[in-house]
Amino acid sequence: MKIKNVITFILSMCIVSGTAGVSDRCNAEGAVYKEVTFPSIDVNDGEVIKGVDISSIISLEKSGVVFRNEKGEKQDIFLTLKNAGVNYIRVRVWNEPYNSSGATYGGGANDIDTAVKIAQRCAEYGLKLLVDFHYSDFWADPGKQYCPKSWKGYDLTKKSEAIKEFTSSSLSKISATGVQIGMVQIGNETTSGMCGEYDWNNVCSLMNSASSVIRKFDKDILIALHFTNPEKTEQIYSLASKVSRVDYDVFATSYYPYWHGTLSNLTEVLKNISQKYDKYVMVAETSWANSFEDTDMHSNTISETGQLGNYVSYDVSVQGQINSVSDVFKAVADAGQKGIGVFYWEPAWITVGNDYNSNMQIWEKHGSGWASKAAGEYQEDAAKYHGGSAVDNQALFDKEGNPLDSLYLFSHITSEKKSLKENLLKNPGFESDKTDTSSPVLWKITDTTSGEYSKFTVNSEMVRNGEYSLHWYSADSFENSSALTEITAECDGNYKFSSYFAGEKSTCKIRIYVNNVLKDENTCKPVAYNSWDKLSVMAYAKKGDVIKAEISVTGDKEGYGSADDCFMEVDENVSDKKQPGDINNDNKIDIADLVCFKEYLFGIKNVSGDYSIYDIDSDGKVDIKDFVLFKNLLLS
């Protein structure tokens, strides 16, 4: 749809419905996306890792599966993924996933040659690659950590040398395609062990053998270790401690909402591990069902409501997928600056046909089912339950290979770019006192409650970055407790003040004043412990003006929360002459101004400051005529 048509559609819907959010209508099918912003990231070129594991793709294409773009046209799935916002591909590597007769074990037939084919496609479209070494001939997970057939009987020393050789030769073959290998994973879901070893001294020794080869191959490659079950906190903290002797960079976990605990627990686990061991953290596997339909006639992992678990309550729908995966990204973002991203597991593992018997023949021939009969010689459960995809109802494509709306959630995940501007505040993160205090340096605290634990206090109770934040808790309800700091403008320009908030039962507001005149304010209501929302406000000031930044909180009984990571920056390349229609004062008129205009006109948000920017026809009032004129500004 052309941009002018999009704008006309949004404007007409706003006029008809009044208070409905613009984001509710961004997709013609009604999909609503969540915008998730990560703190600035110092890996992956500053971008969030928005990844998918499509290890089965080559076998699916050999099986005749065709993938399409949003227009229904045949298109390379790697391009479709890139256009949807994906920037990383994960590929599993098995040593010898076939029997002595050459029959495939299935599961995508992911030997090194298959990994090379996937790498070639990644290189073509500029997608980074995570190489996931299972160090096994077939699936490795907490219940199965079998060493390769050809390594059977090796002692630890010989197995270590075999891992080094296999890792080195595989990376050389993959790298020769020109792909950028951004990360290598040592073992898969190694919660119980790795490569036939279950003593953690031996497991760590093998991990370090692999790590040494990776470091030698390319020191810029991130090294990840992968575990499961973050809901079992004692176990996962114990694992983090055990592998502290391993040379690695990223602590990764699988998180399937059906089984792996609450999102708040996921955030807490990742944050604690990242801080204690100074590691990056991420989710290496996640997914959610779009329906209970079984399109390939092989039973699915999630096939009825009773299998959804009790930790989350998303709909089994495309919208449910959007909400679930977006919230997993949010949980990792809330872990802090060491949270780097999420991979969706097998979003394209759809049916190969419409008839079970025909499908079975295809799965056996091309390895496009989860396991073939031949795999039974290596893993006993494969002999019993071999067949097709158990996750076709969790794909981000329909059974015809068309992308679902849920695929496009990745384009709504972003990260803050590291600011090249100076933070003009001198105690922005409440770290200067280096201790708990109710009188932080350069901040004036005004409390409206009384009693123990009721006042603003700088402490370490709930912190986004660093060791301290501005925290509050009150046993009774309260209004407008505030913290105020000020600077003197060193030049003419737009001054932007921002702060992060987390907590519950509290309404948080920030304001910016110039020479004691309120210029802008913004409000949020944080919803959970350690789940951070960002607020920003802006005002024009001239050199010598006094600029005050205020944090104000109103809370219900037992309301609590924290403010952290405040920032004040200036853009000198502006003037105070405001253009009608430039609602957000960024020197351009675009869709962002439309959102602000609608919020003001329909009373969704109380907007303070210069109302003249809404008065497009300069008649001294703001009404629907200004809204129509605003449409013309956008379309011009």
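Brief remarks on what is shown
- Pairs over the 24 Å Cα-Cα cut-off, from the set Lys242/Lys276; Lys417/Lys444; Lys426/Lys455; Lys444/Lys534: Lys417/Lys444.
- Those aspartates and glutamates that a straight Cα-Cα span of less than 20 Å connects to Lys434, excepting residues fewer than 8 apart in one chain: Glu461, Glu467, Asp564, Asp565
- Across Lys82/Lys219; Lys232/Lys330; Lys117/Lys173, pairs whose alpha-carbon gap is larger than 18 Å: Lys82/Lys219; Lys232/Lys330
- Gained length - Ser101 relative to Leu518, 0.36 nm times residue gap less alpha-carbon distance: 142.3 nm
- Difference of contour (0.36 nm per residue) and Cα-Cα distance, Lys117 to Glu400: 99.6 nm
- A 1.4 Å probe, protein heavy atoms only, puts the accessible area of Ile624 near 80 Å².
- Here the simple spin-label model places points 7 Å from the Cα toward Cβ, and for Ala475 and Asn272 these points are separated by 2.8 nm.
- Coupling constants for the stretch 361-368 follow from the phi torsions by the Karplus curve (6.51 cos²θ - 1.76 cosθ + 1.60, θ = phi - 60°), and in residue order they are 4, 5, 4, 5, 6, 9, x, 8 Hz; glycine and proline get x.
- A simple spin-label model places the labels of Glu124 and Ser358 2.7 nm from each other, with each point 7 Å out along Cα-to-Cβ.
- Alpha carbon centroid spacing (whole Å) that separates the stretch 477-546 from the stretch 323-346: 27
- Per residue, the average separation of C-alpha pairs within less than 8 Å and at least 6 apart gives the stretch 297-407 a relative contact order of 31 percent.
- Distance-filtered residues of the stretch 193-219 - backbone nitrogen under 20 Å, label point 7 angstrom along Leu156 Cα→Cβ: 193-213
- Accessible surface, the stretch 187-345, averaged per residue in Å² (probe 1.4 Å): 35
- Charge tally around Ser531: other residues with Cβ under 13 Å, Lys/Arg +1 each, Asp/Glu -1 each, net 0.
- Per-residue 3J(HN,Hα) values for the stretch 179-186, derived from phi via the Karplus relation 6.51 cos²θ - 1.76 cosθ + 1.60 with θ = phi - 60°, read 5, 8, 7, x, 8, 10, 9, 9 Hz in sequence order (x marks Gly and Pro).
- For the stretch 115-145, the residues whose backbone nitrogen is under 12 Å from a point 7 Å from the Cα of Gln235, taken along Cα to Cβ, are 142-144.
- Residues Glu73 and Lys216, FRET efficiency given R0 of 35 Å [Cβ-Cβ distance, rounded to 0.05]: 0.20
- For a paramagnetic label modelled on Ala383 (point 7 Å from Cα along Cα→Cβ), amide N atoms under 15 Å away belong, within the stretch 331-372, to 372.
- Thr157 exposes around 100 Å² of accessible area when a 1.4 Å probe is run over every protein chain in place.
- Residue-count net charge about Glu285 - beta-carbon cut-off 13 Å; Lys, Arg +1, Asp, Glu -1: -3
- Available extension along the chain between Asp294 and Gln180 is 37.4 nm, counting 0.36 nm per residue and deducting the alpha carbon span.
- For the stretch 346-397, averaging the sequence separation of C-alpha pairs within contact (under 8 Å, six or more residues apart) and dividing by the residue count gives a relative contact order of 47 percent.
The values are calculated or read from the model by the stated rules, or taken from the named source; none is laboratory data. Everything numeric in this text was worked out from a predicted model, so none of it was measured. For neighbour counting, all protein chains shown are included, and Cβ atoms are generated from backbone atoms with ideal geometry for every residue, glycine included. The area values use the complete protein model at the heavy-atom level, side chains included, leaving out ligands, DNA and RNA. Shrake-Rupley method; radii C 1.70, N 1.55, O 1.52, S 1.80 Å.
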